[in-house]
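> I have a structure here, written as structure tokens, and I will follow up with some questions on it.
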Amino acid sequence: MEWFRLLTSFVPERVLLHFTKDDVVRVLEVTWKFVRSSVLVPFLNICVHVCLIMSIMVFIERVYIGVVILFVKLFGWKPEKRYNFEEIEVDVEKGNSNYPMVLVQIPMYNEKEVYKLSIGAACGLSWPSDRVIIQVLDDSTDPIIKDLVELECQKWASKGINIKYETRDNRNGHKAGNLKQGLTHSYVQDCEFVAILDADFQPDSDFLKKTVPYFVHNPEIGLVQARWEFVNANENILTRIQEMSFNYHFRVEQEVGSFTYAFFGFNGTAGVWRMSALNEAGGWNDRTTVEDMDLAIRASLKGWKFVYVGHIKVKNELPSTFKAFRFQQHRWSCGPANLFKKMIMEIIWNKRVNLWKRLYIIYSFFFVGKIVAHVNTFIFYCVIIPATVFVPEVQVPKWGLVYIPSIISILNAIETPRSFYLVFNWILFQNVMSMHRTKATFIGLLDAGRVNEWVVTEKLGDALLKTKDSTKRAITKEPSQKSRMRRFRERIYPLELWVGLYIFICASYDLAFGKYWYFHYLFGQAVAFFIAGFGYIGTQIPN
């Protein structure tokens, strides 16, 4: 046989005379048993123990957060009870001067489908017109879209709205650079507060009346953050799963951070900053792709407090295409890891805030929440556990395999009771996305590759409805084979398919020879990777 001739070509001829094919097989068997017992089994055992330690870290963190939020809700510890909150009233003598001057910034980049929504909502805020400035910061590269946005601003200006349309001749710093440039205009100097609304965010008319009073009566507060509410949560299973994760983030994580440490990561929009806090922190910085988190950390280290007000909801849109969601998750995973690397020493040596707050930021906020949670999910559930089916000597305890992930999943899903039946789908899809989050996390920690990649999350607005409606009215044509193949290739994601194939092989081996019955989970996980790999999740946008 060819393999036998190749193997024996390295053996001296005098030794080969006494060597048979059966001898070679026995040598290979002995070698494999030695490598298996001396290398593979110890290595996998170490990996399992490391992953179990990380699982316990995440579990303790989630249980702690769960206990705190339980007390917050039971005792009704709302922000307006913890801080001095009084609505601003018109002073007969002072008139509107009793209201502080507020700047509303709307950064945009080729937002054809949603620009009218955000501009209209900002111009509809119930705040004295002479005490608010709407600033549309248009970084669009499409001249047609720029003209449309400018015309929309002119329309509102003709109605007496104090709205400014600003552009720049480059996109340096992306969103951070755009916001920073917007603050350099002379008319901004009189503004005490700045509200930031991304292009797809639509606040209610009383948004400023419900947020600004926290600043007026509490000089230590630097940021007031509102909650996101999603207009397209029912679009498809991708948006339903995202809604579950975001509800946990906003209803639990942000609430707990605000209550216990007066700190949380600014979400980049639907929030209001005290201008002096923003300036003292050093303003916007484009050194990472999470400029909002960067600003929040620096402001917190200066001693400013943050308040999260969950009852104030701002409508916005979830990414409904898998491609847009992947880009978003890369930015949101890579940026925090990169920021952690760049700021850890600054946080450690800071003297303005107490030790417990610094430990919370380093350990809970960054290390466990932004690094360990991503890495452990992928490495443990998508690599190590599947690999153990080939090595039955390596056992994963049931508490680490079933109990801990089950409790974590239930804690996450409990804030979205209407989607509780989707919890198993949520688990499988979170494992799929953990692959990209893990990759992005290491890119951020190593400061390599796509570390500074910035892709604006695609918004559809009502474009999909228009497309569906026009499709019904139009005379449909059968697409050509070339067109079908091109569209099929665009939907293929090789990395998901390769990982799915690996898990499927592990599941098949476990079904045939295994003894731990992992294949029940592994087949489901493989299918989830295949569905994502072939692009059959999320909204499909026709060409």
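The values are calculated or read from the model by the stated rules, or taken from the named source; none is laboratory data. Computed from a predicted model, the values in this text were never measured in an experiment. A quick note on method: Cβ atoms are made from the backbone with ideal geometry, for glycine too, and the neighbour counts reach across all protein chains shown. We work out accessible area using only protein heavy atoms, side chains counted, and drop any ligands, DNA or RNA first. Shrake-Rupley method; radii C 1.70, N 1.55, O 1.52, S 1.80 Å.
> Could you please find all residues in segment 252-273 being touching an Asp or Glu at 6+ places or on another chain (Cβ under 7 Å) and either without any contact (Cβ under 8 Å) to a residue 40 or more places away in the chain or closer than 20 Å to Glu192 by Cβ (or both)?
Phe266, Thr269
> Of the conditions (1) surrounded by 19 or more Cβ atoms within 10 Å (Cβ to Cβ); (2) assigned to a helix (DSSP H, G or I); (3) of a type in the set (A, V, I, L, M); (4) at pLDDT 95 or above, Val272 satisfies every one except a single condition; which number is it?
For Val272, the exception is condition (2).
Here's the yes/no breakdown for (1) more than 30 Å from Val372 (Cα to Cα); (2) modelled with pLDDT of 90 or more; (3) hydroxyl-bearing (Ser, Thr, Tyr):
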| site | (1), (2), (3) |
| --- | --- |
| Ile46 | no, yes, no |
| Met54 | no, yes, no |
| Leu70 | no, yes, no |
| Pro107 | yes, yes, no |
| Ser129 | yes, yes, yes |
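> Look at Phe59 and say whether it is of a type in the set (Phe, Trp, Tyr), in a helix (DSSP H, G or I) and open to solvent by less than 70 Å² (accessible area, probe 1.4 Å).
Numbers: of a type in the set (Phe, Trp, Tyr): yes; in a helix (DSSP H, G or I): yes; open to solvent by less than 70 Å² (accessible area, probe 1.4 Å): yes.
Considered against the rule, which asks whether it is of a type in the set (Phe, Trp, Tyr), in a helix (DSSP H, G or I) and open to solvent by less than 70 Å² (accessible area, probe 1.4 Å), Phe59 comes out as yes.
> Please determine whether any residue of segment 149-170 is in contact with a helix residue (DSSP H, G or I) (Cβ under 7 Å, 6 or more places away or on another chain), β-branched (Val, Ile, Thr), surrounded by fewer than 23 Cβ atoms within 10 Å (Cβ to Cβ) and assigned to a loop (DSSP other than H, G, I, E, B).
The answer is yes, given that some residue of segment 149-170 is in contact with a helix residue (DSSP H, G or I) (Cβ under 7 Å, 6 or more places away or on another chain), β-branched (Val, Ile, Thr), surrounded by fewer than 23 Cβ atoms within 10 Å (Cβ to Cβ) and assigned to a loop (DSSP other than H, G, I, E, B).
> Out of (1) touching a Ser or Thr at 6+ places or on another chain (Cβ under 7 Å); (2) closer than 30 Å to Lys164 by Cα, the odd one out for Phe207 is which?
(1)
> Among the residues of segment 92-148, count how many are assigned to a loop (DSSP other than H, G, I, E, B), of a type in the set (A, V, I, L, M, F, W, C) and open to solvent by 10 Å² or more (accessible area, probe 1.4 Å). Lay out the reasoning, then the answer.
Looking only at segment 92-148, we keep the residues that are assigned to a loop (DSSP other than H, G, I, E, B), and these are 92-94, 99-101, 109-114, 124-128, 139-142.
Next, only the ones that are of a type in the set (A, V, I, L, M, F, W, C) stay: 92, 101, 114, 125, 127.
Still in the running and open to solvent by 10 Å² or more (accessible area, probe 1.4 Å): 92, 101, 125, 127.
Looking only at that region, the number is 4.
> A further question follows. In this structure, does Lys341 turn out to be touching a residue at least 12 places away in the same chain (Cβ under 8 Å), farther than 19 Å from Glu61 by Cβ and open to solvent by 10 Å² or more (accessible area, probe 1.4 Å)? Don't jump to the end; show me each part of the working.
Numbers: touching a residue at least 12 places away in the same chain (Cβ under 8 Å): yes; farther than 19 Å from Glu61 by Cβ: yes; open to solvent by 10 Å² or more (accessible area, probe 1.4 Å): yes.
Spelling it out, Lys341 is indeed touching a residue at least 12 places away in the same chain (Cβ under 8 Å), farther than 19 Å from Glu61 by Cβ and open to solvent by 10 Å² or more (accessible area, probe 1.4 Å).
> Looking for whichever is open to solvent by less than 20 Å² (accessible area, probe 1.4 Å) and closer than 30 Å to Pro79 by Cβ here; the options are Gly282, Gly310, Gly303. Which one fits? First the steps, then the outcome.
On the way: Gly282 fails: open to solvent by less than 20 Å² (accessible area, probe 1.4 Å); Gly303 fails: open to solvent by less than 20 Å² (accessible area, probe 1.4 Å).
Being open to solvent by less than 20 Å² (accessible area, probe 1.4 Å) and closer than 30 Å to Pro79 by Cβ holds for just one of Gly282, Gly310, Gly303, which is Gly310.
> If you go through segment 246-265 one residue at a time, do you hit one that is within 17 Å of the chain's Cα centre (by Cα), within 27 Å of Val63 (Cα to Cα) and aliphatic (A, V, I, L, M)?
yes
> Still on this structure, I have one more. Step by step: first the residues of segment 73-91, then only those that are out of contact with any helix residue (DSSP H, G or I) (no Cβ under 8 Å at 6 or more places or on another chain) and loosely packed, with under 14 Cβ neighbours inside 10 Å, then the one that is nearest to Lys305 (Cα to Cα). Which residue is that?
From segment 73-91, those out of contact with any helix residue (DSSP H, G or I) (no Cβ under 8 Å at 6 or more places or on another chain) are 73-76, 78, 80-81; that's our starting set.
Applying the additional criterion that residues be loosely packed, with under 14 Cβ neighbours inside 10 Å yields 73-76, 81.
Details: Lys73: 21, Leu74: 24, Phe75: 22, Gly76: 20, Lys81: 16 Å.
Checked segment 73-91; the qualifying residue nearest to Lys305 (Cα to Cα) is Lys81.
> Check off (1) free of Cβ contacts under 8 Å to residues at least 60 places away in the same chain; (2) over 20 Å from Asp292 (Cβ atoms); (3) open to solvent by less than 60 Å² (accessible area, probe 1.4 Å); (4) in a helix (DSSP H, G or I) for His249 and give me the number that stays unchecked.
The one condition His249 does not meet is (2).
> Right, something else. Return only the number of the condition from (1) within 16 Å of the chain's Cα centre (by Cα); (2) open to solvent by 20 Å² or more (accessible area, probe 1.4 Å); (3) under 15 Å from Ile196 (Cβ atoms) that Glu317 does not satisfy.
Going through (1) within 16 Å of the chain's Cα centre (by Cα); (2) open to solvent by 20 Å² or more (accessible area, probe 1.4 Å); (3) under 15 Å from Ile196 (Cβ atoms) one by one, Glu317 breaks only (3).
> While we're looking at this one, here's another question. Can you tell me which residue among Glu29, Glu13 is open to solvent by 50 Å² or more (accessible area, probe 1.4 Å), modelled with pLDDT under 80 and within 53 Å of the chain's Cα centre (by Cα)?
Glu29
> Pull up segment 35-56, narrow it to residues that are among the β-branched types (Val, Ile, Thr) and open to solvent by less than 30 Å² (accessible area, probe 1.4 Å), then point me to the one that is farthest from the chain's Cα centre (by Cα). Give the derivation first.
In the first step, residues of segment 35-56 are kept if they are among the β-branched types (Val, Ile, Thr); the result is 35, 39, 41, 46, 48, 50, 53, 56.
Next cut, open to solvent by less than 30 Å² (accessible area, probe 1.4 Å) only: 41, 48.
Working: Val41: 35, Val48: 27 Å.
Per the criteria, the residue is Val41.
> Report yes if Ile427 is more than 30 Å from Arg287 (Cα to Cα) and either assigned to a helix (DSSP H, G or I) or basic (Lys, Arg) (or both), otherwise no.
Yes, satisfied.
> Shifting gears a bit: Can you spot a residue in segment 382-396 that is in contact (Cβ under 8 Å) with a residue 12 or more places away in the chain, in contact with a helix residue (DSSP H, G or I) (Cβ under 6 Å, 6 or more places away or on another chain), under 19 Å from Ser245 (Cβ atoms) and open to solvent by less than 50 Å² (accessible area, probe 1.4 Å)?
Among the residues of segment 382-396, at least one is in contact (Cβ under 8 Å) with a residue 12 or more places away in the chain, in contact with a helix residue (DSSP H, G or I) (Cβ under 6 Å, 6 or more places away or on another chain), under 19 Å from Ser245 (Cβ atoms) and open to solvent by less than 50 Å² (accessible area, probe 1.4 Å), which makes the answer yes.
> Consider only pairs whose beta carbons are under 8 Å apart and that are at least six residues apart or on different chains; among these, list those whose first residue lies in segment 354-372 and is open to solvent by 40 Å² or more (accessible area, probe 1.4 Å) and whose second residue is in a helix (DSSP H, G or I).
Trp356/Tyr261; Phe367/Phe340; Lys370/Ser333; Lys370/Pro336; Lys370/Ala337; Lys370/Phe340; Lys370/Thr441
Per-residue answers, yes or no, for (1) more than 19 Å from Asp292 (Cβ to Cβ); (2) open to solvent by 10 Å² or more (accessible area, probe 1.4 Å); (3) assigned to a strand (DSSP E or B); (4) in contact (Cβ under 8 Å) with a residue 12 or more places away in the chain:
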| residue | (1), (2), (3), (4) |
| --- | --- |
| Tyr187 | yes, yes, no, yes |
| Val194 | no, no, yes, yes |
| Ala199 | no, no, no, yes |
| Asp204 | yes, yes, no, yes |
| Lys209 | yes, yes, no, yes |
| Val212 | yes, no, no, yes |
| Val216 | yes, yes, no, yes |
| Gly222 | no, no, yes, yes |
| Trp228 | no, yes, yes, yes |
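Every residue, every condition in (1) within 17 Å of Tyr261 (Cα to Cα); (2) among the hydrophobic types (A, V, I, L, M, F, W, C), yes or no:
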site: Lys33; (1), (2): no, no
site: Arg36; (1), (2): no, no
site: Leu40; (1), (2): no, yes
site: Phe43; (1), (2): no, yes
site: Leu52; (1), (2): no, yes
site: Ile56; (1), (2): no, yes
site: Glu61; (1), (2): yes, no
site: Gly66; (1), (2): yes, no
site: Val72; (1), (2): yes, yes
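> Regarding segment 451-467, can at least one residue be identified that is among the hydrophobic types (A, V, I, L, M, F, W, C), open to solvent by 80 Å² or more (accessible area, probe 1.4 Å) and modelled with pLDDT under 90?
First pass over segment 451-467, keeping only residues among the hydrophobic types (A, V, I, L, M, F, W, C): 451, 454-456, 460, 463-465.
Narrowing the set further to residues that are open to solvent by 80 Å² or more (accessible area, probe 1.4 Å) leaves 465.
Cutting the leftovers down to modelled with pLDDT under 90 gives us 465.
Yes, segment 451-467 contains at least one residue that is among the hydrophobic types (A, V, I, L, M, F, W, C), open to solvent by 80 Å² or more (accessible area, probe 1.4 Å) and modelled with pLDDT under 90.
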